[in-house]
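Notes follow once the structure below has been shown.
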Amino acid sequence: MNTDSVGIWWSSPNDPVWTFAMPAYVAPTYHRNRPAATFTMRAPANLAAGTDSDHILVVADPVSGEYAEVWAASVDPGTRTVTNLPGSPGWATGNMITGAGAGTMSNNDGVRAANFSWAGGLITGADIAAGRIDHALVVALPAELLKGGGTTGAGAWRAPATAWDAGYWSGPVQMGSRIGIPAGTPRPAGLSALGSMMFDALQRYGAFVGDYAGGQWPNIYADGHTVNTATACPAFCYWSYNGSSDMEKIAPLLRVADYQP
């Protein structure tokens, strides 16, 4: 489970104004159409990008529903300006209440490979406090599971994705596929509280394939600002649970809905 990639920064009326000076992000083949733009949002004074190699930044206004997210974000706290790292354009903006959140055939609504918003599908502290995950999850697959698009992307993605990862992957699963646990499958014994919540969410809503994950393991994502590694550990830390973490029990039950080889 990945808690390092992204934490949502919620804006409030008392926060300072930040300027997003975004370069052009136009790639018609991948349905991305973001001409260069400059806009402002309120955000906490300690705004910072994610700590992993993607340097994701997500700011969301809970009142208006407006959001902005940046891949390879560069944050200047002195001028309160956000842009992309040199040579790495990637950004999106929209409304998380009324928007698609998964991209359209004319534009991206997020900076995941699938054009999904990075905020979509995160396990949050509010989920854990409520004792249930009442939404679908998002999952990133490694190369041996994810279907590649070659140079055209034909067959590599399906709705709700509107794009794919550009690598020549060797797997069978299309970007945008829904993976879940079939109805009626009994709950495995020994799941933690978090594992039981994930089992229920995967059986009721599933998880949509939204990205590529380096390494050999699929990634399910949590909000790094409200879910820490210790909280997430029962789901994946098999070395701390005698080789029997929650996902060791859940993974064999997963199936791809309406699989299209």
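The values are calculated or read from the model by the stated rules, or taken from the named source; none is laboratory data. The shown structure was predicted, so the numbers you read here are calculated from the model rather than taken from an experiment. Cβ sites come from the backbone with ideal geometry, for glycine too, and all protein chains shown count toward neighbours. Each accessible area value is taken on the protein alone, full model and side chains, heavy atoms only, with ligands, DNA and RNA left out. Shrake-Rupley method; radii C 1.70, N 1.55, O 1.52, S 1.80 Å.
Structure notes:
- Close pairs (6 angstrom Cβ cut-off, 6 or more residues apart or separate chains): touching a residue at least 60 places away in the same chain (Cβ under 8 Å) and over 11 Å from residue 48 (Cα atoms) in segment 69-92, open to solvent by 40 Å² or more (accessible area, probe 1.4 Å) and aromatic (Phe, Trp, Tyr) anywhere: 90/71
- The residue that is least open to solvent (accessible area, probe 1.4 Å), among those in segment 102-146 that are of a type in the set (Gly, Ala, Ser) and without any contact (Cβ under 8 Å) to a residue 24 or more places away in the chain, is 130.
- Residue check, residue 65 within 30 Å of residue 236 (Cα to Cα) and touching a residue at least 24 places away in the same chain (Cβ under 8 Å): no
- Among strands (runs of 3 or more DSSP E) entirely within segment 1-101, having at least 2 residues that are surrounded by fewer than 16 Cβ atoms within 10 Å (Cβ to Cβ) singles out 17-22, 25-27, 37-42.
- Test for residue 180: is it open to solvent by 10 Å² or more (accessible area, probe 1.4 Å) and at pLDDT 95 or above: yes
- Residue 153, sole failed condition from (1) touching a Phe, Trp or Tyr at 6+ places or on another chain (Cβ under 9 Å); (2) in a loop (DSSP other than H, G, I, E, B); (3) in contact (Cβ under 8 Å) with a residue 60 or more places away in the chain; (4) within 27 Å of residue 67 (Cα to Cα): (4)
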